[in-house]
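A short worksheet on the structure shown next.
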Amino acid sequence: MSQLDFFSALITAHSPSLLAMFAGAAFLAGLARGFSGFGAALIFIPLASAIVGPRVASAVLLVVDGVLTLGMIPPAWRMADRREVFIMAAGALVGVPLGTILLSSGDPLTLRWIISAVVVVLLVFLVSGWRYSGRPKTPLTLFTGLIAGLFSGAAQLGGPPIVAYWLGGALKGAFVRANVILYFAISTVISAASYFLGGLFTADVLVFFLLALPFYGAGLYAGARLHGLADEAAFRRICYGLIAISAIIGLPLFDALLK
């Protein structure tokens, strides 16, 4: 069987409605990421996991987000507190492999239940508005990086702990954004190496990466254009609603509706 035949067989194994749902999840995830800088994994992972499984979904988001946000790295490098970012990344260096082990060896159905539960907990955490208001301390920065790395390795859900830790401090918003972008650039490299060693980059990932790429890219562009034009508070509420809907639809309870 040629590679083209293999890709065609893999795509035709899923119904058009499920492929449309996958593409829609990629677009909505990109829209949230482009507008507010968060929420992509919280929207995409539960929905995509219900269609292609958590291993493929996590690997696809890792690659597509890493590729499409490369242009954000140079300005972030110039503005970020690189010492603080590297300390955070050192924690992720431990956490990401642990999360990857969970993703690669865990039962897919159990992982989906865990992912949905974690998404709900992180959503409540985001809605609460809690932020760490103290000054960054090396042990706490390392620990936050470890927890974020664990969530990233297991399901690319490492954003909320990082944002909550840095956003409540003395840094201005633009510098926090630069820190977050640079951290996730480093975290992506760590995750990519860990996923490669864990055998998570399969032909399925390539196929669904190619499907997700234009829709996630369109969402990023639309979200970036909306930023500054739309009411941010209202958009965040919409994102929270989309995250909640994604977590519910992605529950294994509703698999019968996705066939």
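The values are calculated or read from the model by the stated rules, or taken from the named source; none is laboratory data. Remember, it's a predicted structure, so these values are computed and weren't measured experimentally. Positions of Cβ are generated from backbone atoms using ideal geometry, with glycine treated the same way; all protein chains shown enter the neighbour counts. Note: areas computed on protein heavy atoms with side chains; ligands, DNA, RNA excluded. Shrake-Rupley method; radii C 1.70, N 1.55, O 1.52, S 1.80 Å.
Descriptive notes on the structure:
- Sequentially through segment 116-123, phi angles give Karplus couplings (6.51, -1.76, 1.60; θ = phi - 60°) of 4, 5, 5, 4, 5, 4, 5, 5 Hz, Gly and Pro residues having no value and appearing as x.
- Taken about its Cα centre, the chain carries a charge dipole of about 740 debye when Lys and Arg each add +1 at the Cβ and Asp and Glu each add -1 at the Cβ.
- Estimated inter-spin distance, Phe143 and Arg78, nm [label 7 Å along Cα→Cβ]: 3.7 nm
- Annotation: extensible slack from Val94 through Ser133 equals 11.5 nm (criterion: 0.36 nm per residue apart, minus Cα-Cα distance).
- The share of accessible area on the chain that comes from carbon and sulfur is 72 percent, using a 1.4 angstrom probe.
- Label-to-label distance, nm, for residues given as Asp107 and Leu18 (7 Å Cα→Cβ offset): 2.1 nm
- Label selected from [x] 63, 39, 33; [y] 55, 41, 34; [z] 70, 43, 36, the criterion being Cα extents along the principal axes in Å as computed here: [y]
- Highest mean first, the peptides 156-163, 132-139, 16-23 sorted by other C-beta atoms within 10 Å per residue fall in the order 156-163, 16-23, 132-139.
- Principal-axis tilt of helix 3-12 within the chain, Cα atoms, nearest 10 degrees: 90 degrees
- Per residue, the chain exposes 47 Å² of solvent-accessible protein surface, assessed with a 1.4 angstrom probe and all protein chains in place.
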